[in-house]
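For reference, the structure is listed below as structure tokens.
The values are calculated or read from the model by the stated rules, or taken from the named source; none is laboratory data. Predicted model only: the values in this text are computed from it and were never measured. Here the Cβ is made from the backbone with ideal geometry for all residues, glycine too, and neighbour counts use every protein chain on show. These area figures cover heavy atoms from the full protein model, side chains too; ligands, DNA and RNA do not enter into them. Shrake-Rupley method; radii C 1.70, N 1.55, O 1.52, S 1.80 Å.
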Amino acid sequence: MNRILLIFALAIFAIAQAYAEETSTIAPPLDAAQVFEWWDDGIITPAEADEIFSRLEEENYDEACLLAEVYAQEPCANFNKTTEKKPRKKRKSKTAESAQSAKTTPPPSIIPHGHFTWKGQYDSDGHLKKHREELQVQFYYFRLRLGSQELLSYRRDSYEAHFGQISTLEFHSHLPLDTLWGATVLYPVGKFRLGAHLDTSKAFHAGLDFHPNRTNQISALFWKFPNATAIALQAHTTLGQISSWYQFGQDLPLIKIQLQNQGDRISWKTTAYIHGDSIPQGLNLSKIIAENRLWASQTINVQWPEVYSTVFSIKARVLSPIASDSVNARFKATLTSGPDRFRPSLSATCIEASENCDRTEWNGSIESTWESFTLKASAKVRREDSRTKTPKIELGAGYHSNNALAKLTIAFPQTNPAKSISVQNEIKLNSDWLGCDLVFAFKKTRTKTFSPSYAHLQASLKF
């Protein structure tokens, strides 16, 4: 099984390198490989990983990043950010640039184009745990999506119309919503935009957006469900977004906060969910968020670019469960410094502050980047109940370009390879006609030979 997967992965990677062309693609800021890595390292629990996976399947990447940054206390950024290489052109004069910008954007092609995608996850027994297929077709101003979401959309300038399974993205909602089957229309009027939705379950939605400028937006929404009525407000500024949802009859509204500021020296980010003992109807919150009346995180970064791009960060997360009056807090401090050729990093995590940080974790790593190649070595030590566990050592290597990526990570959870060893592989490719994402891992223990631990496969055919 492992030989077949390895041969298949190498073959796909070779084909991609032969046929790939330099194209620009927008990759999600978080992928399954990173989630599996956190899961395999014990940074996040299986339940937390499932919550992140569910948001990735919905293509709600903002919410997936929010969950990842709180659970793993790691920044949400993709390993292979794609860039677009364009031929060098002569610099145009300001007059020519103004004339060019004055021209209207040509209409999209009426020739249907899109992709067909298959995703699957395999468990440790080699069985297909879950899978889904999806077809997306774009033609003129229309987009048809079949599979995980049955939806026909029309977008032109600020006009929008959707028919089918309407989700969070189509509603332009900062809060994750339940998927509804119906029709939604958004119609701009000057600096305002009117919206309305009618669902087959007799749910009704009306909204009003106000855009005083390009960076600020205020929205007011009214929801009428068969058994409940709610209003929602959300504001978007250069500092971030704040949303509130109040269902009539409940004691407290639900509030979501995402604020951040990027400075030359100091940057910070605040994330929070606050709600009462019950969750309003119509929202699709993750289970762990629903179980905590306060779910928050705070990140502060201090950087010195002139001193080997040194960055010191402090991260904290706070959870206040509904079932008890206790508060769970976790803190993490990280220091990273050095040039790209030799960049060490050291982090310390207080797993539970209420236990006087009796459980702590130290993680040191060294990363070296040479153009398209990256080498990394790390060691992790956990201390619990005044006892230090056997350190975990990882060695990794990666190759990345505009349209391909390959990573190999070997981990020794108990230091001694004879006791335990884990191997994780990740291969990505992107060309004009093919996209592939393959992640699989194998584990070996003292009593068991190498056997698959998990696998995630994604293949897209573009047309």
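In table form, for the structure just shown:
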{"quantity": "Hits in region 117-157 - residues which are among the acidic types (Asp, Glu) and either assigned to a strand (DSSP E or B) or at pLDDT 85 or above (or both)", "calculated": "Glu133, Glu134, Glu150, Asp157"}
{"quantity": "Contacts under 7 angstrom Cβ, first residue in region 119-147 being touching a residue at least 24 places away in the same chain (Cβ under 8 Å), partner open to solvent by less than 70 Å² (accessible area, probe 1.4 Å) and part of a loop (DSSP other than H, G, I, E, B), 6 or more apart", "calculated": "Arg132/Gly147; Arg132/Ser148; Tyr140/Pro108; Tyr141/Pro108"}
{"quantity": "Only one of Thr184, Thr200 that is without any contact (Cβ under 8 Å) to a residue 60 or more places away in the chain and touching a helix residue (DSSP H, G or I) at 6+ places or on another chain (Cβ under 7 Å)", "calculated": "Thr184"}
{"quantity": "Residue match in region 99-109 (condition: surrounded by 10 or more Cβ atoms within 10 Å (Cβ to Cβ), more than 30 Å from Thr334 (Cβ to Cβ) and either at pLDDT 75 or above or touching a Pro at 6+ places or on another chain (Cβ under 9 Å) (or both))", "calculated": "yes"}
{"quantity": "Where Val307 falls short, out of the listed (1) over 28 Å from Ala230 (Cα atoms); (2) outside any strand (DSSP E or B); (3) of a type in the set (Val, Ile, Thr); (4) in contact with a strand residue (DSSP E or B) (Cβ under 8 Å, 6 or more places away or on another chain)", "calculated": "(4)"}
{"quantity": "Ala333 aliphatic (A, V, I, L, M), surrounded by fewer than 17 Cβ atoms within 10 Å (Cβ to Cβ) and touching a strand residue (DSSP E or B) at 6+ places or on another chain (Cβ under 6 Å)", "calculated": "yes"}
{"quantity": "Unique residue being closer than 20 Å to Ser337 by Cα and among the polar types (S, T, N, Q) when the list is Thr415, Thr390, Thr360, Thr374", "calculated": "Thr374"}
{"quantity": "Residue within region 166-179 that is farther than 26 Å from Val439 by Cβ, of a type outside the set (Asp, Glu) and part of a strand (DSSP E or B) present", "calculated": "yes"}
{"quantity": "Boolean, Leu177 is open to solvent by less than 70 Å² (accessible area, probe 1.4 Å) and touching a residue at least 40 places away in the same chain (Cβ under 8 Å)", "calculated": "yes"}
{"quantity": "Residue that is farthest from Lys224 (Cα to Cα), among those in region 283-304 that are hydrophobic (A, V, I, L, M, F, W, C) and assigned to a strand (DSSP E or B)", "calculated": "Trp304"}
{"quantity": "Residue among Leu408, Leu461, Leu438 that is in contact (Cβ under 8 Å) with a residue 12 or more places away in the chain, surrounded by fewer than 16 Cβ atoms within 10 Å (Cβ to Cβ) and touching a His at 6+ places or on another chain (Cβ under 8 Å)", "calculated": "Leu461"}
{"quantity": "Members of region 131-166 that are under 24 Å from the mean Cα position of the chain (by Cα) and within 23 Å of Phe210 (Cβ to Cβ)", "calculated": "Ile166"}
{"quantity": "Odd one out for Gln250 among (1) open to solvent by 20 Å² or more (accessible area, probe 1.4 Å); (2) assigned to a loop (DSSP other than H, G, I, E, B); (3) in contact with a strand residue (DSSP E or B) (Cβ under 7 Å, 6 or more places away or on another chain)", "calculated": "(3)"}
{"quantity": "Some residue of region 189-198 being closer than 15 Å to Gly282 by Cα and either open to solvent by less than 60 Å² (accessible area, probe 1.4 Å) or not in a strand (DSSP E or B) (or both)", "calculated": "yes"}
